[in-house]
Each structure stands twice: as structure tokens, then as C-alpha cells.
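Data block below; observations after.
The values are calculated or read from the model by the stated rules, or taken from the named source; none is laboratory data. Every value quoted in this text rests on a predicted model; they were computed, and no experiment measured them. Every residue, glycine among them, receives a Cβ derived from its backbone with ideal geometry; neighbour counts consider all protein chains shown.
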Amino acid sequence: MCNDEASAGFLRTALALGGCEIGAHLHPWCNPPLEEPLGEETSHAISLDRSLVRRKLRNLTARIEETLGVRPVSFRAGRWGMTGWLLQMLGEEGYKVDSSIFPFFKDICFDYARAPVEPYWPDYADGLASGPQRQILEVPVTSGFNRRSFELCGRLHRLLESEPLRHLHGIGILWRLGILRKVNASPELNGSPEVLSCIRSHLERGHGLVNMVLHSSTLLPGGNPFSVSEPDAGRIQRTIGEALDFLARRADVLPCTLSEAWDLLAGES
């Protein structure tokens, strides 16, 4: 984005208009120095040598500052991989808030099945636990179930996806019946009913922040696999609008950027 002048120009215009924030998003395979072999595992920064990750992070941060005139303080890892040492590195490099934890989601390099679902100060020894540091705040993606009891739902979901029960297709049956659905606040991955049910369950649990995520290219027809056509883009845009309308009816809502969330939440800790 920074190396493409058209994209950089758009971002500079957005910054000048106000109401937005430029964060950093690190995908190892397109972020110099390119010294690692390409592969599924090395597409996650947490699988790389720490000194290499630091150099990549410093290059990315400097490039954003040089091109756009702002030093980013919010971060999201490419492909969601996050761990304690990377959180500590982010704090040491001046970042204030991370949003890489995707509760109940797992990949080959991490498992967020038991991750916190509300903002927390992560422990550098265990990025999925609260700790004493106050350098960097973790703001997880809003994710959970269509029921209030995330803990019970999570245990049941993990049981049904384990061997040999997964062959009974219990997760699919419960989803179709509307009894148990693992959902999140991403209009790319879920339709409006699922996004609203996720937000509703978080509000019922007393959570005070909703973190919706999507790729910006999803808003353009043909921009990525989530938005192949005009109807796809229209559906996603309607889902976002319906989610905002739902929140406005159910709660006293204050839109904010991730660094503004840090400002709002740091005083509450």
C-alpha cells in the first residue's frame, strides 16, 4: 500500500479528512527483508526468527511513517498469528494496541480456543493471559457464539469437532437448527443474522467494545474472493449498516479507532 503511489495518495487524503487511523499489518512474504523460505508456516511472523521479525517490523513502521507522515501505533498480524514475545516487541517499538487475537479461531501455528474475548493487557510470557505490563493493549476481534455462555459453548464445540464425534456432523446439525453457532463480527465470514447474533451475545454478557473486521478491498466488487461481484459487495455493505443500526438501537455507541480505544480503556484498568 505504501509503495503504490495511488494507494498512498488515497490514504493521505483519508488522513487529511480525519476520522481514521493508519495501522500496521505485517505479512512476512511481502515485507523486507525477505530471507525466510516461503511456505505455509513461514507466512506467520510468529514462526520466524525474532531478529528477522524485528527488522521486518522496523522496515514496515519506517515505510509507513516516511510515506504517510504518521507513525503507526496500532497493529494486526498478517494471518492472525500472535504470541507473547511479538506483543513485547510491538510494545518496545512504540505500538500501543494490537488486534490480532481472534477468539475461538485456530490455525497451524496458534490456537485461540481459550483466548479472552474482551480487551486485556497481555502477559508477555503468555499472550493469551492478562499480565502486569501496560505497554500494549490487546483488543480481540469480536467473536463468540450465538449464546451467552461462551465457555460452555466453546467446550461443546471443541468436543463435537474432536475424534470420533466430528464424523457425526453435530456442529453442522446444531448450526442448521440455530441451537449453537460459532459466529464473529466479520461481514466477510458471516451474514447479517450471524453478525447481529454475535454482537447481541457480547452485549448480553456486558462487554463494552465491538471490534468488526474486514479487508477494505471487500467493499469493491471483484476486490477479493469475499467480494467477487456487485451483489457480494452490496450484501457486505448492508451487513455493516445493519450492524451499526442494531448497535445504535441497543447501546450508547461511540465509534473509535483502535488507538482511541486504548485512550478510552487504559484509564479503566
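Assorted remarks:
- Selection count where residues are within 26 Å of MET212 (Cβ to Cβ) and touching a residue at least 40 places away in the same chain (Cβ under 8 Å), scope the stretch 85-103: 12
- In this structure, LEU265 qualifies as in contact (Cβ under 8 Å) with a residue 40 or more places away in the chain and either hydrophobic (A, V, I, L, M, F, W, C) or assigned by TED's automatic domain parsing to the domain that holds PRO119 (or both).
- When the stretch 13-28 is limited to residues that are out of contact with any helix residue (DSSP H, G or I) (no Cβ under 6 Å at 6 or more places or on another chain) and assigned to a helix (DSSP H, G or I), the one that is farthest from LEU48 (Cα to Cα) turns out to be LEU17.
- Taking the stretch 223-254 as the range and being surrounded by fewer than 16 Cβ atoms within 10 Å (Cβ to Cβ) and closer than 16 Å to LEU203 by Cβ as the test, the residues that pass are LEU244, ASP245, ALA248, ARG249, ARG250, ALA251, ASP252, VAL253, LEU254.
- The single condition among (1) free of Cβ contacts under 8 Å to residues at least 40 places away in the same chain; (2) at positive phi that ALA16 does not meet is (2).
- The one condition in (1) closer than 25 Å to LEU128 by Cβ; (2) of a type in the set (A, V, I, L, M); (3) at pLDDT below 95 that ALA14 fails to fulfil: (1)
- Any hit, the stretch 164-184, residues being in a helix (DSSP H, G or I), under 22 Å from the mean Cα position of the chain (by Cα) and closer than 17 Å to GLU118 by Cα: no
- Qualifying residue in the stretch 136-158 (condition: exposed (fewer than 13 other Cβ atoms within 10 Å of the Cβ) and in a loop (DSSP other than H, G, I, E, B)): no
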